[in-house]
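The values are calculated or read from the model by the stated rules, or taken from the named source; none is laboratory data. Keep in mind the model is a prediction, meaning the values are calculated, not measured. Glycine also receives a Cβ, built like all others from the backbone with ideal geometry; neighbour counts cover every protein chain displayed. The area values use the complete protein model at the heavy-atom level, side chains included, leaving out ligands, DNA and RNA. Shrake-Rupley method; radii C 1.70, N 1.55, O 1.52, S 1.80 Å.
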Amino acid sequence: MGWRRKDLLTMRELEPGEILLVLDTAESLKEIATREIKKVPALRGKTVVNLFLEPSTRTRTSFEIAGKWLSADIINISGSSSSVVKGESLLDTAKNLEAMSPDIVVIRHASAGAAHLLARSLRCSVINGGDGAHEHPTQALLDLLTIREKKGHLEGLKAVIVGDIARSRVARSNIWGMRKLGMSVTVAGPPTLIPPHVGELGVKVAYAIEEAIRDADIIMMLRLQHERQEGQMTTGLFPSLREYSRLWGLTLEKLRGARDDVLIMHPGPVNRGIEMSPEVADGPYSVILEQVTNGVAVRMALLYLMAGGKGQ
Amino acid sequence: MNLLVKGGRLVDPASGFDGLADCLILNGKVAEVGPALRAAEGTPVVDAAGKVVAPGFIDMHVHLREPGYEYKETIATGTRAAALGGFTRVACMANTEPVNDNRAVTDYILAKARDEGWVRVHPVGAVTRDLKGESLAELGELAEGGCVAYSDDGRPIMNAGLLRRALEYIQPFGLPVISHAEDSTLAAGGVMHEGVVSTELGLRGIPSAAEEVMVARDIILAELTGSPVHIAHVSTAGAVRLIRNAKARGLRVTAEVTPHHLLLTEEAVRSFDTDTKMNPPLRSKADREALQEALADGTLDAVATDHAPHAPAEKEVEYDHAAFGVVGLETAVPLLLHHLVHGGILDLPTLIARFTGGPARILNLPGGHLGKGADGDLVILDLDREHEVDVARFASRSRNSPFGGWRLRGFVWMTVVGGKVVQSEGVVRGGAR
C-alpha cells in the first residue's frame with residue numbers, strides 16, 4: 001500500500017493502515033540518524049516550506065532536520081498568526097507561497113482549521129504541524145512510534161493523557177491515533193480542562209490522577225499552556241498553579257502506584273515542577289528524548305511518502 | 001398601482017382562506033379578493049394559475065449595513081435581495097455606523113429606502129446608545145421617527161437593570177424589545193456550538209446555556225415590566241421550552257427562528273467553512289428538531305433570516321477570525337418550501353403564517369394579510385419549480401451563504417409591493433419604488 005493523500009491534516013481522517021505505513025517507513029528511515037553522513041538523495045530538488053505562524057522551536061527544527069537529511073530544500077517562514085492585523089491574510093500568504101512552487105508546506109498556526117484553509121487553496125501538499133487546539137498529527141505519529149518501539153506492539157495497551165485536554169491538539173491527535181490502533185485511552189485532569197462530550201470520542205474520563213495511572217502502560221503528561229490560558233476570556237480555569245501541580249502533577253510519590261514498566265511521555269517542552277517533577281521527567285520511565293528522536297524519523301517518513309516515495 | 005392576479009391558489013392565514021381566488025389591487029391597496037374578478041381596461045393582469053398567492057413576506061431581522069458598511073450591503077442591494085426572496089417588508093437592525101440610536105439615522109435610513117429601496121424598510125432602533133449597553137438611546141424619538149422595535153442585536157444587554165429600565169420606559173411607545181439573548185460570560189469568545197464537534201475540532205464552544213440563561217432572564221423581565229419582549233434567532237431546545245412555558249403563562253413573549261438553525265447543525269462546521277459561523281451558532285440535531293417542532297406549534301412566531309452580509313476578506317480567513325453571520329434573504333423561502341413543506345414537517349399555510357402574520361403582529365405592521373384595504377403586497381410561489389442556489393447570482397452584495405449548490409424545489413416566482421411587480425421569475429424589474 002502506498003500513500004495516496006495530498007495532505008496530512010488530521011489523525012481522525014487516517015486509516016489504521018496509513019498510520020502503520022508511516023510508522024514502518026519511519027522505522028526504516030531512522031537508521032539515517034546513525035550514519036556518519038546523514039544524507040540521502042530522496043528529496044533532492046524538492047522544496048519544503050516550514051510556515052510557522054506560532055512560536056515553535058521543536059517541531060520546526062524537527063521538520064527542518066528531516067527535510068535536510070532527505071536533501072530537500074527547506075525554507076523557514078516564521079511569523080505571527082495575527083498577521084491578519086498587519087493586512088496580509090493567511091490566504092494571501094498561501095497564494096504567494098503557491099507562486100513559488102513548493103512541493104510541501106508544513107503549517108503551524110494558532111487557529112484550528114488553518115491547515116484546512118491552506119490545503120483547500122494550495123495545489124501542493126500540506127502537512128498540519130499543529131492547528132490551534134485541533135490536531136497535531138505528526139506528534140501523535142511520533143508518540144505511536146515511540147510506544148511501539150518500547151512495547152513491541154500497540155493493540156491492547158492502556159494510555160492515560162493528563163492535563164489540559166480541552167486546549168490540547170496533542171491529546172486530540174493521540175486519542176484518534178491510539179483508538180484506531182486498538183489502544184484504550186483515559187483522559188484526566190481538572191474538570192474545567194476536560195472538554196465537553198469527550199467521552200463520545202471513545203475515551204474514559206478520570207479526575208484523580210492516582211486512580212487513572214494505576215494500570216496504565218503509558219502516561220502522557222501534557223504541557224500546561226498557562227501562557228495560552230491567560231489569553232482566554234475565561235480566566236481562572238483552576239485556582240492556582242500550585243494547586244494544579246499538587247493535584248495533577250506527576251511526582252515520584254504518585255508514580256509508586258503505577259506499573260513497573262510504565263512509559264512516561266511528554267510532547268515538550270516540560271514545565272518542570274508543574275505538570276511533572278524533575279525526577280520524573282529525567283527518570284528511568286521517561287521516554288521524552290526518544291520522542292524527540294522519533295519526531296525526526298516520522299517527519300522524514302511523511303516528507304518521503306508525500307513527495308512520492310514508496311513505503312517500506 | 002393597479003394589478004389583477006388571476007387563477008392562483010390564494011393562501012391568507014390571517015383569514016384562514018386557502019383556495020382558488022383572484023386578487024385585485026387598486027391604487028396600491030387590496031380592493032377585492034374573490035372568484036372571477038374583473039378589472040377595468042388596461043389593468044395589468046398576472047396569470048397565477050398553478051401557483052400560490054400569499055401576502056407579501058416579512059423578514060423582521062436583517063442587516064442592511066447602511067449607513068457605514070456599504071461594502072457589505074446597501075439598502076438598494078439588500079432590498080433587491082429581499083424582493084428576489086419574496087419579502088415585501090424587512091426590519092433592519094441598528095448596528096450600522098453610526099448606530100441607529102437617534103432620529104437622524106432613522107430618518108436617513110427611511111429616506112434612502114424611499115429613494116432606492118425595492119421593498120418596504122422598517123428600521124429597528126438601538127436600545128442603548130452606540131450599542132454599548134450603558135445608557136438608554138432616545139427611545140421615544142426613535143419611535144416617533146418610524147422605528148418598529150428596539151434592539152442592540154449583535155450584542156447582548158448584559159446589564160439586567162438597564163434592560164429593566166428600557167422595558168419600563170418604552171411602555172408609552174408600544175414597541176417591543178428584540179433580545180439578542182446571549183450571556184457573554186458563558187459564550188466566552190466561543191465560535192461554534194459547544195458539544196462533541198467543538199471538542200473534536202478544538203474550536204471554542206458557545207454552550208446552549210449562554211442563550212438559555214438570557215432567555216430566562218428576559219422572560220422574567222418581561223413579566224416584571226409587562227412590556228413585550230421578542231427573542232431573536234432562537235437556537236436551542238432549552239430556549240424553546242422556556243418560551244413555550246412563558247407563552248403558556250400568558251406573558252408578552254414572542255420569538256423567531258432562522259432558516260439556517262432550522263436546517264443545519266454543528267456537523268456543518270467540520271469543514272471549517274466559515275459560512276457555517278454565525279451567532280448563535282448551529283446547534284445539535286436535537287435542537288434543530290425542537291426548533292422545527294416549535295415553528296409548527298407556534299411557539300416560534302416568525303421565521304427571520306438574520307441576513308448578515310460580510311465581505312470575502314471577512315470570511316476567507318481562519319475560523320477563529322471570521323465574521324459571524326450568513327446572508328439569507330434570497331434562500332430562506334425556497335429552503336423552507338423544500339425542506340419543511342415538501343419535507344412534510346410543516347404545512348404550507350403554517351409556513352406562510354410564520355412569514356406574514358407572525359412578524360406583522362410582533363412589530364405591529366399593517367401587512368401580513370390580504371384583507372380589503374391592506375397594502376397590495378403579494379408573493380407568488382411556484383411550489384414545484386426546481387433550481388440550484390447559485391451564490392454568484394445573488395443580488396446581495398455579499399455571498400456568505402452555506403447553501404450554495406443546494407438543489408431546491410420551490411421558487412419565489414413573483415413579488416409585488418403596493419401593486420407593483422418588483423420581481424418576476426428571479427429578475428428584479430421596473431426600478432426601485
Tell me which helices (runs of 4 or more DSSP H) are completely within region B:43-159 and hold 2 or more residues being under 30 Å from B:V11 (Cα atoms), or say none if there are none.
B:75-85, B:103-116
Does A:V160 satisfy the condition of being touching a Pro at 6+ places or on another chain (Cβ under 7 Å), within 29 Å of A:P239 (Cα to Cα) and touching a residue at least 40 places away in the same chain (Cβ under 8 Å)?
no
Picked from region A:191-223 (must be out of contact with any Gly (no Cβ under 9 Å at 6 or more places or on another chain), within 18 Å of A:E243 (Cβ to Cβ) and in a loop (DSSP other than H, G, I, E, B)), the residue nearest to the other protein chains (Cβ to nearest Cβ) is A:I194
Just a yes or no: is a residue in region B:120-130 without any contact (Cβ under 8 Å) to a residue 40 or more places away in the chain, more than 13 Å from B:I178 (Cβ to Cβ) and open to solvent by 50 Å² or more (accessible area, probe 1.4 Å)?
yes
Before we move on, is B:T77 surrounded by fewer than 24 Cβ atoms within 10 Å (Cβ to Cβ), at negative phi, within 17 Å of the chain's Cα centre (by Cα) and in contact (Cβ under 8 Å) with a residue 60 or more places away in the chain?
yes
If we take region A:21-123, then helices (runs of 4 or more DSSP H) inside it with 2 or more residues that are open to solvent by less than 20 Å² (accessible area, probe 1.4 Å), more than 14 Å from every other protein chain (Cβ to nearest Cβ) and of a type outside the set (A, V, I, L, M, F, W, C) are A:58-69
What residue, among those in region A:272-312 that are surrounded by fewer than 19 Cβ atoms within 10 Å (Cβ to Cβ) and among the polar types (S, T, N, Q), is modelled with the highest pLDDT?
A:T293
How many residues are within 14 Å of another protein chain (Cβ to nearest Cβ), part of a loop (DSSP other than H, G, I, E, B) and open to solvent by 10 Å² or more (accessible area, probe 1.4 Å) if we restrict to region B:311-339?
4
Quick check on my filter: what residues within region A:128-159 are surrounded by fewer than 24 Cβ atoms within 10 Å (Cβ to Cβ) and in a strand (DSSP E or B)?
A:K158
Yes or no: region B:392-413 includes at least one residue that is open to solvent by 40 Å² or more (accessible area, probe 1.4 Å) and within 14 Å of another protein chain (Cβ to nearest Cβ).
no
When you go through B:V240, B:V257, B:V253, B:V317 one by one, which is the residue that is farther than 30 Å from A:E88 by Cβ and either touching a Leu at 6+ places or on another chain (Cβ under 6 Å) or modelled with pLDDT under 95 (or both)?
B:V257
Could you tell me whether any residue of region B:340-348 is crowded, with 24+ Cβ neighbours inside 10 Å and touching a residue at least 12 places away in the same chain (Cβ under 8 Å)?
yes
Checking the condition surrounded by fewer than 16 Cβ atoms within 10 Å (Cβ to Cβ) and under 19 Å from B:G373 (Cα atoms), which residue from B:A21, B:A40 passes?
B:A40
For the structure I just gave you, tell me whether B:R89 is open to solvent by less than 10 Å² (accessible area, probe 1.4 Å), in contact with a Lys or Arg (Cβ under 7 Å, 6 or more places away or on another chain) and either under 30 Å from B:V421 (Cα atoms) or among the hydroxyl-bearing types (S, T, Y) (or both).
yes
Hey, B:P366 hits all of (1) within 18 Å of the chain's Cα centre (by Cα); (2) touching a residue at least 24 places away in the same chain (Cβ under 8 Å) but one; which does it fall short on?
(2)
So which of B:A126, B:A166 is within 20 Å of the chain's Cα centre (by Cα) and within 25 Å of B:A302 (Cα to Cα)?
B:A126
Inside region A:1-20, can you point out the residues that are in a loop (DSSP other than H, G, I, E, B) and closer than 17 Å to A:R179 by Cα?
A:T10, A:M11, A:R12, A:E13, A:L14, A:E15
Residues in region A:168-201 that are small (G, A, S) and touching an Asp or Glu at 6+ places or on another chain (Cβ under 9 Å): how many?
6
Filtering region B:197-231 down to residues that are closer than 22 Å to B:R244 by Cβ, of a type in the set (S, T, N, Q) and touching a Gly at 6+ places or on another chain (Cβ under 9 Å) yields B:S208
Considering each residue of region A:1-11, count those that are closer than 21 Å to A:S121 by Cα and either among the small types (G, A, S) or open to solvent by 40 Å² or more (accessible area, probe 1.4 Å) (or both), and give that number.
3
